[in-house]
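Just below is one structure, and these are the notes that go with it.
The values are calculated or read from the model by the stated rules, or taken from the named source; none is laboratory data. Quantities reported herein were computed from a predicted structural model and do not represent experimental measurements. Cβ sites come from the backbone with ideal geometry, for glycine too, and all protein chains shown count toward neighbours. Only protein heavy atoms, including side chains, enter the accessible area calculation; ligands, DNA and RNA are left aside. Shrake-Rupley method; radii C 1.70, N 1.55, O 1.52, S 1.80 Å.
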Amino acid sequence: MRLCASCALLGLLFVTAFDSSECLQTTVRPDKGSTVTVSTALPVDQCAVCTVSGANDTLTSCHASLPLVPEEEVKLLFNCSQPIEQAFTVTIAQTIECTKDACSPATVGTQPSILAELSRTFSWELKAPEKTLVGLDVLGDGLIGTFQPCADDFQYSVTTSKTNADGRIQYCRGGSETRLEALNGAVVSLQVKPKAVVDSVLFQASAGPLKGRTMVVTVDSGTTVVVSRDPGEPECEVCSVDGSTRDCSPTEKTLTNVEKLPLEFSCLKPQDVYSVKVVTKIECTQSSCTPAAGEIDPDVFKDFKRSLAWDISVPDRTVLTLDFPGGLKDMSGAEKCQDGSHYSVSTTNREGKIKTSSYCKGGTAPRHLNLLGATTVTAEVPKGSEVDSFTAKSAPRGGRMMSVKPDPDTIITISRVTSEPDCSVCIKEPKQKCEPSWLALKDPSNTTVEFTCPQPQEVFTVEINRDIDCQETSCSGNIVQAESSLFPDFNRTFTWDLKVVSTRTFQLDFPEPGMRQIPNEDTCPDEHTYSIVTYLRTGVATIGTFCKGGTVSSILARYKGRVSLQVPGDRKLEPVDFKLSVGPETDMVAIMKVNLPRGVSNTDFLTANYPRDFPDDEQMQWDFAVPGMHNYTVHFSDHTAPECLSKEVEVEYQKDKKKVTKLTLTDSQPQHKQGNFNMVLRNCQTNRTLQGLTLNYRVSVLRSGHPVLCDVDLTGGKGVSLQVEKVGSDPYCEMSVNSKVEEKISVAAGAKASLSFLDCPNEDVRLTASRVIECQNVTSCSATQLTVPKLDSCLPMPLHSFTWHIKIPQDGTVDLMSPTGSLRQSLPGQECNRSVSLHVAEGDGFSVGDFCHTGMIQKVQVHSNVSVTATVPDFSKTREPFLNVSFSQEIPETIIYRVRPEDSSPTLLATPNWPDGMQPSSTVSWIVTVPSQYEAHMQFVNLSQPKCLDRHTAIKVRMLGDQEEMISRREDEVAEDKLTVPRSFYLNMSNCIPEEGIFGAMTNIVLQKKSNLLAILLGVAGAILLLLIVLAVVCFVTKKRKKDKQAEEASIYIGKGIFRPSDRHFSKTRSDNDSHVYASIDESMMYGHLLGDSSYADSIPDRFNGLPVDTYNTFTGPSDTALPAIKEPDHEPELERFQTFLDPSESFNLTRPRTPIDRQDSLGFQDRRMLDNELYTFKSTGDMNTIRLSGVDMEPQPAITEDSL
């Protein structure tokens, strides 16, 4: 074999025929008995295989397909524009000739080297006598059946014949199957890819008599089995062997009433050739069926395609019940069952009509079928599928019973609508009465109704009629309502016969949304179809047929009429509860009141009896209510004019009792008119032998309102923008900006816009405005007030709210203060009234809260951009500013509230966005000013803590000026819910990054006056301490003076004389009198000796060196009378005892001093100048510098400054 380079000379011979990119030259000699064909699917001008011959290979003959002669060598040249190994295929076909016991060749080989560069298919067609089976034993690896391409590119296949590819079986190498069996005409093939190495010998062929499949069959006398060969399948005989008799058929075998009959097929797989039909008869009486079950032997013909049928016969007036334990599922027309098993149940009535229902196996519950008449159950079962059995039961057709209790003045009529002869309706009164076609129930008592068929709703219809007789001014039943519990699965007609006095009308008022008129023959979409008729002297006139949901609100008809409602079976009754009343007198056939809808609409109306003739010499009126700012047009869609014998046909129009306009049917009807109007159609006396008067007309409504225009100019407004949006449900409100219809209008700051509002009530649109206030540098931005600028007066709707967007740099803070002094946050218990509402939010929209004026909040500081939305009932009456806004330096918290509680009522403080939680990682503080003389009682009345993902929440309370915190709690700690704070403080709360839950708190603060008990106790303790110090000094001095007296007596002058201590004039001892109490003491005499003589104390006897015990009180006794002579006894031992404290009555009820007690004289103060020596002398002569010992009530309040925070 040579490639293109070696065959260049030959290529020149046909270079003009091919633009070839590849060529191949080789010499081939097919073996004997082999038919080799080389072919390509490409056109011959693109690819061809050529034979080369002649001297110097100068003769060529090219073809798209070339068969080669066995045992003849030929030189081939392949030339193609595509790769040669992909463009050409080679088929090598051989025939295996077999007799009844041998095959030739016995060894099936290949010619492995022939055209190995191309894809090859080796095939062997088997030729054998009838009933001879050819076997091919696989040499080498076994085979395995497959449906996929083989991985090693060696694909075996077996087909039953050359012309039947449906029976093809594919194999791959590497399996356990070592023998292939086939009959005459079968083809075995091997397909390999280019350059595949093929064994030279593949099979060992053998032949033998065909031994087909044999089975033993038993068929009872009530069953017929038909085994038939499918058309187009290979020939295969089926034989039944009865003893020595053999009955064979190549197409069909019918079996019935046989037992253990051998059945032989002459083919290996008869299930691929034959199908089986099994017909079983079941005969039923009124009490039982034989056989009682529809079943077959599951193993007989299981691998065949089967069609099973059970013909069930039942006597008259018998109900057949089929129970399918496995359940059945209803199947629609073109639907197919997933498992291929298809069931059908057909019933045939006496008239020969067949009703068939289709099912699939399965379902949620067992299926019970109650049937009438002869029935056939059919099951189409694919190969290998199981067959579900069923049971058949029969019973006398007892029919159906129900209990009925009509309402008073109600008649129930049951009427037959089909020709089914075996169904009657019966009642017991007291003897049973049965009617085959019609029965009326009038007794309002309980009545048992029995139908002799199980499904009477398919045979009968029910009419429920009620008489309503109206007096001159009222009706016995003013609300017409259908009875919903009677005969729910029957086709029902509810009728109300209405009657009033002959000069009046009955009026039917329909609830919203009214009724819609349709042609009399039509049915409503919800299958609730109403019709209204009136009884005239000339006959019955149908006013119209109506459905729910339309423009007709009322109908008035003369004297006597009927309202009907038709509802099909198994349809839930949902009637219109229309009201019935006595209407005014009229000479009209009917008056129809119509409320035309807003917007664009087209509503059709029909005259009475349409499409039949309108009554002679009668008239009908329509009262139309047209919405404001709408135009209406009347158009006659279809009408017929009668031949009038007297009078003329007229159409009259009247608006608001104005002049009547009379037109004919051919005149131009009103167009583009406004306002409510009445239309009256008046008929003449007609020639009834000709077409009468009919009219079908349409009333079209268009909007005619003039839009409200407004040119908005915001070029002068400082950052003011407008927004208008729809908030109502009116679909006909149309807003546009610059001639473009929009659902929401926005006019940007500094822009101009032309606005238009068409049919937009003020309550259906909302006008809001906003302004942007921006501060670039807080040090240079001046304070401002939030006021609402005046908007364009042409805007038709009032301003709903105004929003200020305040923008600051990152290092700035917005300070919000009320121009009236304070703010109040709207919270439960301290809600704001509706006069003014201020909604404050951060720049990202996160709510801070709703506020109003007059409260406890002095200032709100927000460390972010802020939006403030003001809402008031009427902005035109509000001229004062809503808030004062200033700017300050950055604060560490997100929000700071400055609060001054009132002692008259509790103060509630809530976290931002209450009752929802704070923003993650945000902080809020309240600086609470507590007045002097008060203390704050704080309680957390509502606290919710989250589960934190990162960081912790914190609640801290610290008095201003202190470094120590009173409380500091996280979310995982139990926080005190009550706390008393004696002075001004700050409350701080910080949020974490929550995993779930929210962080929010509401705090209640109540001010109470401080208690003075502590001040009193401290004052008394200070007084006692000072008194003890004074006593100690006095006792010390007294003892020293007594020592001096022992050394040198001294006289005491008291008023009238001089006494000496040795005279003993005192009759009492010192301990029993007040001789030791002095009116006054010269301090210079008491302390002066210490200044000059330091040794004076040393000369005093030791017994006077103890603590002084005398108390100095102002002398209150007489000083100008002679004192009694008292002999004071000698020194007694009790003088050595010391009275350290005064009597409590004396210590707590001190006499009033001679001079007022200044602040420095109070027990709560002590002069610092007296603290340097034991005599408490002054260390300087300067101003007093007092030491405060007590006085909580006079505690100074620290100033609240930024530094104190």
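Annotations for the structure displayed:
- Residues of the range 224-258 satisfying the condition of being among the acidic types (Asp, Glu) and either in a strand (DSSP E or B) or on the phi > 0 side of the Ramachandran plot (or both): ASP242, ASP247, GLU252
- Considering (1) farther than 23 Å from GLN858 by Cβ; (2) open to solvent by less than 40 Å² (accessible area, probe 1.4 Å), the lone condition that MET918 does not fulfil carries the number (1).
- Options ASP137, ASP199, ASP153; residue that is touching a residue at least 60 places away in the same chain (Cβ under 8 Å) and either part of a loop (DSSP other than H, G, I, E, B) or among the small types (Gly, Ala, Ser) (or both): ASP199
- Selection within the range 774-805 - part of a strand (DSSP E or B) and open to solvent by 50 Å² or more (accessible area, probe 1.4 Å): GLU774, GLN785, HIS800, HIS805
- Filtering SER346, SER385, SER357 for residues that are surrounded by 13 or more Cβ atoms within 10 Å (Cβ to Cβ) and either at pLDDT below 85 or in a loop (DSSP other than H, G, I, E, B) (or both) leaves a single hit, SER385.
- Of all the listed residues (PRO627, PRO642), the sole one being farther than 26 Å from VAL589 by Cβ, part of a loop (DSSP other than H, G, I, E, B) and open to solvent by less than 30 Å² (accessible area, probe 1.4 Å) is PRO627.
- Residues located in the range 921-938, provided they are open to solvent by less than 10 Å² (accessible area, probe 1.4 Å) and either within 14 Å of LEU827 (Cβ to Cβ) or outside any strand (DSSP E or B) (or both): TRP926, VAL930
- Residue check, PHE487 of a type in the set (A, V, I, L, M, F, W, C) and in a loop (DSSP other than H, G, I, E, B): yes
- Only one entry in THR35, THR99, THR89 is at pLDDT 90 or above, more than 21 Å from GLN191 (Cα to Cα) and open to solvent by 60 Å² or more (accessible area, probe 1.4 Å), namely THR99.
- Residues being open to solvent by less than 50 Å² (accessible area, probe 1.4 Å) and not in a loop (DSSP other than H, G, I, E, B) - total across the range 667-681: 4
- With respect to the conditions (1) more than 30 Å from PHE494 (Cβ to Cβ); (2) at pLDDT below 85; (3) open to solvent by 70 Å² or more (accessible area, probe 1.4 Å), VAL300 lacks only one, and its number is (3).
- Residue match in the range 198-206 (condition: of a type in the set (Val, Ile, Thr), in contact with a Ser or Thr (Cβ under 8 Å, 6 or more places away or on another chain) and closer than 24 Å to VAL381 by Cα): no
- Out of THR27, THR40, THR58, one residue alone is open to solvent by 70 Å² or more (accessible area, probe 1.4 Å) and touching a helix residue (DSSP H, G or I) at 6+ places or on another chain (Cβ under 8 Å). It is THR58.
- Within the range 259-297, considering residues that are closer than 16 Å to THR223 by Cα, among the small types (Gly, Ala, Ser) and part of a strand (DSSP E or B), the one most open to solvent (accessible area, probe 1.4 Å): ALA293
- Inside the range 889-915, residues that are closer than 27 Å to CYS781 by Cα and buried (at least 18 other Cβ atoms within 10 Å of the Cβ) make up a count of 9.
- With respect to the stated conditions, SER729 fails to be touching a residue at least 12 places away in the same chain (Cβ under 8 Å), in a strand (DSSP E or B) and open to solvent by 20 Å² or more (accessible area, probe 1.4 Å).
- VAL836 meets all of the listed conditions (1) within 30 Å of ASN942 (Cβ to Cβ); (2) open to solvent by 50 Å² or more (accessible area, probe 1.4 Å); (3) under 38 Å from the mean Cα position of the chain (by Cα) but one, namely (2).
- SER206 being open to solvent by less than 20 Å² (accessible area, probe 1.4 Å) and in a strand (DSSP E or B): no
- The set of residues in the range 682-712 being assigned to a strand (DSSP E or B) and at pLDDT below 90 consists of LEU702, ARG703, VAL708.
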